[in-house]
Amino acid sequence: MSLFKNCLAITALLFPLSGNAVFTETYEIQSLKAATNGVFVKLSGFRNDPSISNLDCPDNNTFVMLKDTDNYEGRLSFLLSAYMAGKPVQISYYDCQGNYINISSVFIG
C-alpha cells in the first residue's frame with residue numbers, strides 16, 4: 001500500500017466524520033424561510049427516508065440551521081446564492097434540531 005493510502009487510512013481513523021452524516025441527492029431549493037432563530041429550507045422533491053439515514057425527525061422534509069451554528073453566515077450565503085441562481089444543492093445532515101432536520105453542510109453542485 002502506498003504511503004498516501006496509509007496516511008489517508010490513518011487520518012480517517014483518527015478524524016472520523018461527525019455522526020455518520022448523510023448527503024441528500026441534488027435538489028433545487030423550493031423555499032427559504034428566515035426566522036428570528038435561523039433559516040428553514042425545503043428542497044423540491046426531498047423527503048428524508050429514516051431507513052437510509054437512521055434519522056426520524058417529526059418534520060422529515062424541512063431542514064433548519066440555527067443562527068448560533070458555527071459558520072452560519074457561510075452556509076447561509078451558499079443557500080442564498082444557490083436559490084437566487086436556481087442551482088441545485090446537496091445538504092448533509094446527521095441529527096434533528098427540534099422537529100426539523102439539522103443542516104450540517106451545504107454543497108452547490
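The values are calculated or read from the model by the stated rules, or taken from the named source; none is laboratory data. Keep in mind that this is a model prediction, so the values were computed, not measured. Backbone-built Cβ (ideal geometry, glycine too); neighbour counts: all protein chains shown. What goes into the accessible areas is simple: the full protein's heavy atoms, side chains included, and nothing from ligands, DNA or RNA. Shrake-Rupley method; radii C 1.70, N 1.55, O 1.52, S 1.80 Å.
Observations
- Residue within segment 68-77 that is β-branched (Val, Ile, Thr), surrounded by 13 or more Cβ atoms within 10 Å (Cβ to Cβ) and modelled with pLDDT of 95 or more present: no
- Members of segment 78-109 found to be farther than 16 Å from ILE29 by Cβ, of a type outside the set (S, T, N, Q) and either free of Cβ contacts under 8 Å to residues at least 12 places away in the same chain or surrounded by fewer than 16 Cβ atoms within 10 Å (Cβ to Cβ) (or both), listed by number: ASP95, GLY98
- Selected residue (criterion: most open to solvent (accessible area, probe 1.4 Å)) from residues of segment 23-59 that are among the small types (Gly, Ala, Ser) and in a loop (DSSP other than H, G, I, E, B): GLY45
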